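Below is one structure, written out as structure tokens; the observations come after it.
The values are calculated or read from the model by the stated rules, or taken from the named source; none is laboratory data. None of the values given here were measured: they were computed from a predicted structure. So basically every Cβ, Gly included, is an ideal-geometry build from the backbone, and we count neighbours across all protein chains shown.
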Amino acid sequence: MEMYSGHQYAAVKLPADKVSAFGNEFSLEYVSDDADSVLSRDLTSLPEQAGFAQRGAGDKAGELNLRATYAGPETRTDYSHMRTWIAHQLLAGGYDAYRIDDEYPLCFDPKRRVSLKDVTDIMRNRFEGTGYAPDETGRTNMRVIGTDTALSVHIAQIYPDLPASRSCVTWESSGPAIYGVFVPVSNAATSVSAAYSANQPAGAKGTFDAQRYPYYAFKALCTLCVEPSTCATYGRPVRDYWSKAEGNLVASMDELLRATRSLKSDFLANIAITAYCNRAQDRAFADAKALLNDVTYYISSNSNTLKNGRNPETGEVLDERRAIPPLEVTLDPSAYALNVSRKG
């Protein structure tokens, strides 16, 4: 759905065999491209009467181009358009170089079937491997998808072959997703864990409580890992750990949901699904606090104004910088596997 000028809107039903990705900018062009649509009453008459209607050419001759009419290239910014570009590049390819004048279709064919991991990777993307990556280039003028200012990040996964009462899983990253983990919150769950349901009182504003609230633990972890000087040494091991944990979470949640298919009772399914989701949330919060402790300790241990190495025999200061080995994460990602939760 796109909103134009506060009063006009267009909503279309996306086709089942396409994907869509856009960085908070207008992408819808022609409503005739979609079988189902809901349009505001004056969507076409307003620009015609006001004289700013833009129409297509070729097989779209005479048809209103919504993107050109209500947005136009003059409103396009790198802030949003670069996010559209990298998502299209990751999902479909063919857009190696970024150009602000390039236009991207609302719906397109991916180069392969899109997995949940593909989506989590996109939500963490920071233009890695391009000339725009802040972590690799030190640039400070980039609005990446995986931003460290995110309060939370959500992905909705639908199982069309399961009963509606247990067909949706919301994967939630509390705080920035870059150095965090997406945990499952099923629509069949009757509760979430105590930590993930806790609300900080308004009177505690300004209190950074990483021991009680998941957001602060993940936010602090991200803050320590996201800088160009720390992302490789501390950040990459943290991301690698969460990636393995997330793989177990996704596989286990899928296994659990499919195992409940034979259950006719929602009550029994809800008990099992709630238990696994809550345990996953509790474990993620515990691991986040453990990682935060380890990263803080490691950074503190290696904090030294003297950045250069020294000769171990003479103590002489060398020309090259000290080499700090990557953080070693000792947590066990297999603890998120379903068979672990079955054992209690």
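Some notes on this structure:
- Pairs linking a residue in segment 167-192 that is charged (D, E, K, R) to a residue that is in a strand (DSSP E or B), with Cβ atoms under 9 Å and 6 or more positions apart or on different chains, are GLU172/SER152; GLU172/VAL153; GLU172/HIS154; GLU172/ILE155; GLU172/VAL183; GLU172/PRO184; GLU172/VAL185.
- Residue match in segment 93-102 (condition: under 22 Å from PHE26 (Cβ atoms), modelled with pLDDT of 95 or more and of a type in the set (Gly, Ala, Ser)): no
- Taken over segment 35-65, the criterion of being surrounded by 11 or more Cβ atoms within 10 Å (Cβ to Cβ) and either assigned to a helix (DSSP H, G or I) or in contact (Cβ under 8 Å) with a residue 60 or more places away in the chain (or both) is satisfied by SER45, LEU46, PRO47, GLU48, LYS60.
- In segment 256-278 there is at least one residue that is of a type in the set (A, V, I, L, M), part of a loop (DSSP other than H, G, I, E, B) and over 20 Å from the mean Cα position of the chain (by Cα).
- Of the residues ALA210, ALA177, ALA189, the single one that is assigned to a loop (DSSP other than H, G, I, E, B), under 16 Å from TRP242 (Cα atoms) and assigned by TED's automatic domain parsing to the domain that holds ALA288 is ALA177.
- Meets criteria (surrounded by 12 or more Cβ atoms within 10 Å (Cβ to Cβ), at pLDDT 80 or above and farther than 28 Å from THR190 by Cα) for LEU338: no
Quick grid of which residues meet (1) touching a Ser or Thr at 6+ places or on another chain (Cβ under 8 Å); (2) closer than 30 Å to ASN248 by Cα; (3) buried (at least 18 other Cβ atoms within 10 Å of the Cβ):
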position	(1), (2), (3)
ARG76	no, no, yes
HIS88	no, yes, yes
GLY94	no, no, no
ALA97	no, no, no
PRO110	no, yes, no
SER115	no, yes, no
ASP121	no, yes, no
GLY129	no, yes, no
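- Matching residues, segment 312-331, being exposed (fewer than 14 other Cβ atoms within 10 Å of the Cβ), under 14 Å from ALA290 (Cα atoms) and of a type outside the set (S, T, N, Q): GLU328
- Taken together, the residues in segment 138-162 that are surrounded by 15 or more Cβ atoms within 10 Å (Cβ to Cβ), of a type outside the set (A, V, I, L, M) and closer than 22 Å to ARG261 by Cα amount to 2.
- Hits in segment 283-303 - residues which are crowded, with 17+ Cβ neighbours inside 10 Å and at pLDDT 95 or above: ARG283, ALA284, PHE285, ASP287, ALA288, LYS289, LEU291, LEU292, ASP294, VAL295
- Single condition LYS117 does not satisfy, out of (1) part of a loop (DSSP other than H, G, I, E, B); (2) in contact (Cβ under 8 Å) with a residue 60 or more places away in the chain: (1)
- Of the criteria (1) within 24 Å of the chain's Cα centre (by Cα); (2) over 27 Å from SER193 (Cβ atoms), which one GLY315 fails: (1)
- Matching residues, segment 93-134, being more than 13 Å from ARG83 (Cβ to Cβ) and of a type in the set (A, V, I, L, M, F, W, C): ALA97, LEU106, CYS107, PHE108, VAL114, LEU116, VAL119, ALA133
- In summary, ALA150 fulfils each of the numbered conditions (1) part of a helix (DSSP H, G or I); (2) in contact with a Pro (Cβ under 7 Å, 6 or more places away or on another chain); (3) among the aliphatic types (A, V, I, L, M) with the single exception of condition (1).
- Some residue of segment 2-19 being surrounded by 16 or more Cβ atoms within 10 Å (Cβ to Cβ), closer than 20 Å to ILE145 by Cβ and among the acidic types (Asp, Glu): yes
- Scanning segment 159-202 for residues that are under 29 Å from ARG126 (Cβ atoms) and among the charged types (D, E, K, R) yields a single hit, GLU172.
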